[in-house]
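The values are calculated or read from the model by the stated rules, or taken from the named source; none is laboratory data. The model shown is predicted, which means the values in this text are computed figures rather than measured ones. Glycine also receives a Cβ, built like all others from the backbone with ideal geometry; neighbour counts cover every protein chain displayed. Heads up: the accessible areas ignore ligands, DNA and RNA and are worked out on the full protein's heavy atoms, side chains in. Shrake-Rupley method; radii C 1.70, N 1.55, O 1.52, S 1.80 Å.
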Amino acid sequence: MTKYNRIFRVADNRRPSPGYSLIRLQSDESLPPMVPGQFVSVRVDGVQHTFLRRPFSIHNVDADDRALELLIQVVGEGSARIAALQPGDSVDMIFPLGNGFTTDIAPASEVLLTGGGAGIAPLLFLGKELRQRGIVPTFLLGGRSAANLIRMDAFEAVGRLCCTTEDGSMGERGFVTQHSILQDRRFDFIYTCGPRPMMAAVAAYARRTGSPCEVSLENTMACGIGACLCCVEDTRQGHQCVCTAGPVFNIEQLKW
Amino acid sequence: MVDLTVKIGALTLKNPVMTASGTFGYGPEYADFFDVAQLGGIIVKGTTADAREGNPYPRMAETPSGMLNAVGLQNKGVDWFCSHIYPSIKDIDTNIIVNVSGSTVEKYVECAAKIAALDAVPAIELNISCPNVKEGGMAFGVTAKGAFEVVEAVRKVYPKTLIVKLSPNVTDIASIARAVEYAGADAVSLINTVLGMAVDAERQRPVLSTVTGGLSGPCIKPIALRMVWQTAKAVRIPVIGMGGIASAADAVEFMLAGATAVEIGTANFIDPAVSAKVITGLSDYAGRHGIAQICELTGALRV
Ligand SMILES: Cc1cc2nc3c(=O)[nH]c(=O)nc-3n(C[C@H](O)[C@H](O)[C@H](O)COP(=O)(O)OP(=O)(O)OC[C@H]3O[C@@H](n4cnc5c(N)ncnc54)[C@H](O)[C@@H]3O)c2cc1C
Ligand SMILES: Cc1cc2nc3c(=O)[nH]c(=O)nc-3n(C[C@H](O)[C@H](O)[C@H](O)COP(=O)(O)O)c2cc1C
Ligand code: FES
């Protein structure tokens, strides 16, 4: 897939919840093909501590409007600067990067898309793509409390929505892997993105039920295009770059 | 029209701008962003006699105006390079230069000899910053004796242009450069990364799996300029400068300090087309300053 380095304009930047930013970026030119699970790398100029680009998953694509959306959790200086962008500001992005999730699966399959924190970002784009292929996805989203569960309306519009919170303020109490839906059903395919311990628990569940499972990793990156070998994951095929061989890996490839 | 060509040993570069080893893959990784054949040369990833898995993750830490890496020379070995990578890059119309690394003198020699057989590779860049496993892991390039030994041995099996890349982690770069020149190198390039370290205060742990790593990017530019200046005064062979170059002005600074050509490393991560911009910028600079040949800049610093 051809990669592009383009300047986008901020069309909108909203705060779905404190600490998160939903930013809509528009290009003057039409967008190239992109697949769910792919990411962009954003240049954050102006601060010596945010020297490198920052990788973010593609949350949503609106090809007709030449726009894409990112869902960003503020964790440090780079994400804070991006979250502070105003409509009209320009953003330098390299995209689309990485491999993407498997989406050519049988219609009417039962699929689970589960994530937590900013890890839910790629699951919306993925859910929409699966929906177009005649699959009604089940989203299972987790957070510490209700304030961490964002974009619920957007997910609900695409598939079935379940959630968990650690404090029980929304959905079932506990972690995603403790949700009752996992007790009643076996899924034909499971996708997950979020904190490592969560993905490891989901991978263990998938192995128990024999469901194929893909995870999206967030190893720290320098180049994002396979040139520096900084972002490697220790896989069954040796060290592989998360930015080119991933970010999506089948759990069969992983050592955890 | 400004003449941008420069000479390094038997090589003619169409312009003084090359990309630094380990930051540009093998070249095709950047082909979506600009025509890489525009470059004066591409120094491909560090290649070793045997395959290496490199160091465990995490291998990278961002630091103020720079980054630390501890990739550890991950590569599939010289045989894989010759059979699988060389065929796909040999027709790129620029100088393809292989960065050769090793853990013993014998391994350097083995790797260099195999690369010598590749018609479309006119030069190697010998990375002597690697630890010598027979000498307790001390880098070859930190003593004049170690540097001399490895360069002399490789010179015997490598007839084409031999560039030796120097480590900045030394007290007297000039003496190392002279030893390398005396051993038969056609050029020296510098600097490799500066030994550094990053600590995660919250977790009270080192950021890198290897604790220490190599610092690169704009933060090392003043060190690199100083070392290029000292080296250029000490040797007669051409000096290739690098360390934090991110613009044409940076490249000019290195040339004024004594570099014949430059390499761009970490800056490729931030702007993948930066090298093309530096080439254009050099042309503009020469035009503005009434310079007919870019090589006039080399060592032209007025002190
Ligand atoms: C392929 C990929 C997709 C991603 N998608 C999203 C997304 O859609 N939304 C989102 O909010 N975030 C996403 N991330 C994580 C995001 O890149 C980091 O949160 C961001 O780079 C942090 O930059 P910063 O300057 O704000 O923080 P820094 O000051 O650099 O770091 C602050 C803290 O965040 C941690 N951190 C830094 N980089 C990463 C990283 N790459 N992964 C995890 N933790 C990190 C640091 O360890 C540190 O504790 C993704 C990462 C990758 C590799
Ligand atoms: C991720 C990374 C990998 C590198 N790998 C190599 C290598 O394999 N061999 C080598 O001689 N230098 C290697 N270097 C050093 C660079 O080639 C260059 O000397 C150094 O980064 C300074 O230049 P810069 O500041 O422009 O990056 C590497 C640097 C980085 C950042
Ligand atoms: S970030 Fe450079 S290879 Fe993945």
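At a glance:
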{"quantity": "Check on A:Gly46, within 14 Å of another protein chain (Cβ to nearest Cβ) and at pLDDT below 95", "calculated": "yes"}
{"quantity": "Any hit, segment B:41-57, residues being away from chain A (no Cβ under 13 Å) and of a type in the set (Phe, Trp, Tyr)", "calculated": "no"}
{"quantity": "Output for segment B:1-57, where each listed residue is among the charged types (D, E, K, R), buried (at least 16 other Cβ atoms within 10 Å of the Cβ) and outside any loop (DSSP other than H, G, I, E, B)", "calculated": "B:Glu29, B:Lys45, B:Arg52"}
{"quantity": "Members of segment A:57-73 found to be under 21 Å from A:Ala222 (Cα atoms) and either open to solvent by 50 Å² or more (accessible area, probe 1.4 Å) or modelled with pLDDT under 95 (or both), listed by number", "calculated": "A:Gln73"}
{"quantity": "Residue among B:Phe254, B:Phe269 that alone is within 16 Å of ligand 1 (Cβ to nearest atom) and touching a Gly at 6+ places or on another chain (Cβ under 9 Å)", "calculated": "B:Phe269"}
{"quantity": "Residue within segment B:196-206 that is surrounded by fewer than 18 Cβ atoms within 10 Å (Cβ to Cβ), within 16 Å of ligand 2 (Cβ to nearest atom), at pLDDT 95 or above and more than 14 Å from chain A (Cβ to nearest Cβ) present", "calculated": "yes"}
{"quantity": "Residue count for segment A:203-256, restricted to those that are more than 15 Å from ligand 3 (Cβ to nearest atom) and open to solvent by less than 20 Å² (accessible area, probe 1.4 Å)", "calculated": "9"}
{"quantity": "Residue tally, condition at the interface with chain A (Cβ under 9 Å from one of its Cβ atoms) and touching a Cys at 6+ places or on another chain (Cβ under 9 Å), over segment B:71-91", "calculated": "1"}
{"quantity": "Residues being over 29 Å from A:Lys3 (Cα atoms) and of a type in the set (S, T, N, Q) - total across segment B:252-303", "calculated": "3"}
{"quantity": "All positions within segment B:156-175 that are without any contact (Cβ under 8 Å) to a residue 40 or more places away in the chain and open to solvent by less than 10 Å² (accessible area, probe 1.4 Å)", "calculated": "B:Val164, B:Ser167"}
{"quantity": "Among (1) open to solvent by less than 10 Å² (accessible area, probe 1.4 Å); (2) away from ligand 2 (no atom under 11 Å from the Cβ); (3) not in a helix (DSSP H, G or I), the one test that B:Ile245 misses", "calculated": "(2)"}
{"quantity": "Test set (1) away from chain A (no Cβ under 14 Å); (2) assigned to a strand (DSSP E or B); (3) within 12 Å of ligand 2 (Cβ to nearest atom) - B:Leu162 fails condition number", "calculated": "(3)"}
{"quantity": "Test for B:Ala116: is it of a type in the set (A, V, I, L, M, F, W, C), touching a residue at least 40 places away in the same chain (Cβ under 8 Å) and either over 26 Å from B:Val17 (Cα atoms) or open to solvent by 10 Å² or more (accessible area, probe 1.4 Å) (or both)", "calculated": "yes"}
{"quantity": "From the options B:Thr23, B:Thr94, B:Thr19, residue that is away from chain A (no Cβ under 11 Å) and of a type outside the set (Lys, Arg)", "calculated": "B:Thr94"}
{"quantity": "Filter result (aliphatic (A, V, I, L, M) and farther than 14 Å from A:Phe187 by Cβ) within segment A:92-122", "calculated": "A:Met93, A:Ile94, A:Leu97, A:Ala118, A:Ile120, A:Ala121"}
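Matching residues to (1) in contact with a Phe, Trp or Tyr (Cβ under 8 Å, 6 or more places away or on another chain); (2) in a strand (DSSP E or B); (3) away from ligand 3 (no atom under 16 Å from the Cβ); (4) open to solvent by 10 Å² or more (accessible area, probe 1.4 Å):
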residue	(1), (2), (3), (4)
B:Arg236	no, no, yes, yes
B:Ile240	no, yes, yes, no
B:Ala249	yes, no, yes, yes
B:Phe254	no, no, yes, no
B:Asn268	yes, no, no, no
B:Pro272	yes, no, no, no
